[in-house]
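Taking it in order: structure first as structure tokens, then the write-up.
The values are calculated or read from the model by the stated rules, or taken from the named source; none is laboratory data. Worth saying up front: this structure is predicted, and the values here are computed from it rather than measured. Cβ atoms come from the backbone with ideal geometry, glycine included; neighbour counts cover every protein chain shown. Side chains are part of the model used for accessible areas, which takes the heavy atoms of the whole protein and leaves out ligands, DNA and RNA. Shrake-Rupley method; radii C 1.70, N 1.55, O 1.52, S 1.80 Å.
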Amino acid sequence: MSNDIAIRVEGVGKKFTVGELATIGDLGRLITAPLRAIGLGSAPTQDTADNGGSIRDHHVKRHDYWALKDISFEVRRGEVLGIIGRNGAGKSTLLKILSRITAPTTGRIEMFGRVASLLEVGTGFHPELTGRENIYLNGAILGMNKTEVNTKFDAIVDFAGVQEFVDTPIKRYSSGMRVRLGFAVAAHLEPEILIVDEVLAVGDVAFQRKCLGKMQEVAESGRTVLFVSHNMGAVQQLCSRGIFLRNSMVHTDAAVSDAVAAYLGSIEQSASEDIIDRGERAGAGDIRIAAVSVRVDEDAPHGHLMTGQPALFTFDLEGKDLSADIVFTVYDHRGQPICRFTSFECGVGDATARRYTCAIDEWPLVPGRYRINAAVFAGGESQDHLEGAAVFDVEPGTVGGRSIGHDANYGCVAVAHNWLTPSDANP
Amino acid sequence: MSTPTNTPSMVIKPPGGWNPIDLVELWRYRDMLWRMTLRDIKSRYKQSVLGPTWVIVIPIVQTLIFTLVFGLLLGAKPEEENASTYMVKTHCGMVVWLLFARAFTQTCSCIIANEALITKVYFPRLIAPLASTFGSILDLLLGLVVLVVLMLYAGVDTTANIVYAPLFILLAMVAAMSVGVWIAVLSVRYRDLRYASQNFRQFLLYLTPVAYPAAVILDNAGVSESVRPTFEVLFQLNPMYVVVEGFRWSVIGHADGAPTTLSAISVAITLALLIAGLFYFRRVDSTVADIV
């Protein structure tokens with residue numbers, strides 16, 4: 001029965017045109033654009049006749065790119081669906097289409113019920129306006145009317161914990177307060193269908209927990225939730241079903257654990273490909289990561305570390321001669337982030353460096369399989385972001401004289417430690 | 001939860017064809033329109049010493065400059081008229097001109113200025129130009145207060161025609177939007193238009209009889225007698241000519257400004273441009289987030 005359906009997506013595709021947007025050659029078209037648009041234009045020129053008359057396609061420097069291809073799925077009422085995939089797989093595009101920010105090129109989507117989508121917190125916040133004014137503004141932008149905001153105003157202020165500052169311009173707020181206020185407004189929308197981006201990735205840990213709690217509450221109250229995230233932990237905690245997008249298409253649509261497994265599997269698989277050939281990356285692209293290696297020392301093979309032994313992470317860069325910094329994060333086999341390493345403020349980012357090496361004296365993680373995501377920053381912006389830049393196995397070793405074996409059930413960090421005997425403690 | 005139904009509450013489709021302007025939806029979003037207008041007004045002069053006083057200072061200074069430069073230095077003021085009456089006349093034109101100028105500038109940049117909103121949340125995109133235009137109403141109201149004070153001071157009486165004044169005010173906003181919505185959408189791709197539109201606005205000011213009668217321009221432009229009537233017609237087709245002269249006619253009974261057949265034609269062209277512009281806006285607004 002279609003009565004149970006909350007969202008139906010049929011054959012949705014989205015085409016983008018990549019390349020220069022405005023060129024001198026467009027000027028003539030620009031001048032005639034108003035005439036053509038109201039139907040007074042002349043017959044199509046050679047230019048437009050060649051490609052069906054689309055304004056976007058006619059220049060040779062441009063080419064088409066399908067960010068989504070033939071996406072179809074249905075979401076039942078009360079289902080909590082996670083959408084996962086790597087950078088460039090089409091997650092954000094799908095999210096924007098479902099949120100009506102942009103229209104699809106092909107296909108059709110039907111929604112049954114009031115929809116709220118949350119791509120960021122505090123959309124439209126104006127720094128000069130007070131907390132109170134921004135609550136009404138943001139509420140109105142998200143589609144609440146004045147009466148609704150009035151009745152929920154106190155609850156929103158309480159949830160955000162900004163009681164004393166409600167009449168202060170929010171430019172005086174800390175970034176944490178702003179995020180809390182933004183989420184608080186959104187959390188009180190009460191839609192039947194909620195579409196959420198990784199907004200949970202912001203704010204302090206306590207607040208993230210509060211947000212996850214609120215989402216759980218929404219999910220448990222029988223409403224439909226679509227959750228797009230990189231955080232496999234959160235996805236597995238919240239969602240019952242997962243869709244893994246890969247190369248603009250639905251790769252896996254299954255129980256959440258299967259979708260996450262397929263996602264993690266694909267990362268490991270592509271980690272064996274040549275890094276420079278990989279397309280699924282984000283950032284400005286002036287500098288790219290060309291190669292990554294993880295080894296115990298210079299002569300050891302790539303891909304193996306040992307608990308308690310040294311570790312070397314080496315990154316080779318390609319591209320412009322800019323001073324760059326590297327950030328990488330280690331994830332466990334479940335996709336949970338464990339720790340992060342950055343070259344910021346280490347003085348290594350000089351213009352000539354093409355190889356960066358991060359050395360760790362004693363590798364502290366317990367045996368198991370890990371992966372890293374790596375990013376390059378230069379000139380104040382993100383240049384490259386590579387998921388699954390490397391996958392490696394950690395072999396059993398010793399930390400502080402204790403042998404550390406294969407048991408990740410009790411946490412994955414091994415810390416050197418000593419016990420004080422009663423006589424030592426009470427001399 | 002609402003009762004399940006087989007009819008979708010919302011359908012998302014590829015853009016295509018001409019979409020009607022969804023007035024019902026605009027009405028549902030009226031709170032947002034109101035809040036966006038307020039945001040524009042409240043944030044405008046924050047953290048300046050004079051604050052909202054600027055809204056009133058700017059038109060006064062503009063009127064003074066125009067009175068001084070054109071009226072007194074360049075001799076646009078007729079001999080028999082005293083300076084304060086001339087100033088009332090100039091301010092009368094300035095009030096509606098500034099309404100147009102601000103609404104026009106804000107509308108032209110309404111998509112680019114609201115990029116952060118447009119790429120993050122759905123709302124009827126027409127809210128953006130509407131809020132931009134409505135934000136200028138505050139300037140108008142304060143400008144009118146100044147006008148009343150000036151009229152009392154100069155002893156200029158109003159006429160029964162004042163009942164038509166709101167129509168000319170409305171026409172100023174329509175004129176601003178009629179060109180503004182085109183530029184708003186087209187400048188997303190061609191940023192050049194943002195700069196060109198400001199030059200256009202400035203040029204239009206000099207073609208509009210704010211501080212001097214239109215005859216001054218024609219007299220000094222070296223137009224030969226044979227083509228002069230054609231130029232006069234073109235002059236009067238400028239919607240801001242109709243607004244400025246008409247507003248003056250309705251408020252202080254300036255006889256030259258009485259609407260003519262040409263005014264009606266100008267209004268018709270402006271309305272046609274606005275309606276076409278709104279439909280064009282609707283045609284492209286569903287994908288504007290991709291390129292802004």
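Once the chain from residue A:174 to residue A:108 is taken as fully extended at 0.36 nm per residue, the excess over their C-alpha distance is 19.6 nm. In loop segments of the stretch B:169-276 as defined by DSSP, the GluC sites (Glu not before Pro) with at most 14 further C-beta atoms inside 10 Å of their C-beta are B:225.
Relative to the longest principal axis of the Cα atoms of chain B, helix B:192-207 runs at roughly 30 degrees. What does the net charge come to around residue B:41 if you take all other residues with beta carbon closer than 14 Å to its beta carbon, with K and R at +1 and D and E at -1? Residues near residue B:41 contribute +2 overall. Could you name every residue in the stretch B:272-292 that has 30 Å² or more less accessible surface in the full protein assembly than in its own chain alone (probe 1.4 Å, ligands and nucleic acids excluded)? Residues meeting the cut-off: B:280, B:286, B:290, B:291. Rounded to the nearest 10 square angstrom, residue A:197 shows an accessible area of 40 square angstrom against a 1.4 Å probe. Each part reduced to its alpha carbon centroid, the stretch A:176-246 and the stretch B:246-278 end up 54 Å apart.
In chain B, the longest principal axis of the Cα atoms and the axis of helix B:261-284 are about 20 degrees apart. Here the extension length gained between residue B:224 and residue B:163 equals 18.1 nm, from 0.36 nm per residue of separation less the Cα-Cα distance.
Take the alpha carbon atoms of the stretch B:216-232, find their center, do the same for the stretch B:97-132, and report the distance between the two centers in whole angstrom. Taking the Cα centre of the stretch B:97-132 as reference, the centre of the stretch B:216-232 is 38 Å away.
Determine the percent antiparallel among the DSSP beta bridges restricted to the stretch A:259-417, to the nearest 5. Of those bridges, close to 95 percent are antiparallel. Taking the DSSP beta bridges with both ends in the protein assembly as shown, the antiparallel portion is around 75 percent.
Peptide B:11-18 has a mean shielding of 6, counted as Cβ atoms of other protein chains within 10 Å of each residue's Cβ.
Over the whole of A:169-175, what's the average partner chain Cβ count within 10 Å per residue? Rounded to a whole number, please. Each step should come with its number before you reach the end.
Values: counts 3, 0, 2, 0, 0, 0, 0.
That works out to 1 on average.
Over all other residues within a Cβ to Cβ distance under 9 Å of residue A:386, the charged ones net out to 0, with Lys and Arg as +1 and Asp and Glu as -1. Summing Lys and Arg as +1 and Asp and Glu as -1 over all other residues whose Cβ lies under 13 Å from the Cβ of residue A:149 gives a net charge of -1.
If you run the Gaussian network model on chain B, springs between alpha carbon atoms under 10 Å, then out of B:75, B:222, B:155 the most flexible one is B:222. For the stretch A:166-283, the antiparallel share of DSSP beta bridges with both residues in that region comes to about 60%.
Which of the GluC sites (Glu not before Pro) across the stretch A:250-349 are loop residues per DSSP, with 13 or fewer other Cβ within 10 Å?
A:273, A:298, A:345
Remark: mean inter-chain Cβ contacts per residue of B:189-196 equal 3, using a 10 Å Cβ-Cβ cutoff to other protein chain atoms.
According to the square roots a ≥ b ≥ c of the eigenvalues of the Cα gyration tensor, what is the shape class of chain B, taking rounded for a/c under 1.5, prolate for a/b larger than b/c otherwise, and oblate for the remainder?
Because a/c hits 1.5 or more and a/b exceeds b/c, chain B counts as prolate.
One chain, two ends: residue B:216 and residue B:21. Fully extended at 0.36 nm per residue, the span grows by 65.9 nm beyond their Cα-Cα distance.
When chain B is treated as a GNM with alpha-carbon contacts under 10 Å, the residue of B:95, B:181, B:61 showing the greatest mean-square fluctuation is B:61. Here residue B:13 and residue A:258 are evaluated by their C-beta separation; at R0 = 25 Å the FRET efficiency comes out at 0.20.
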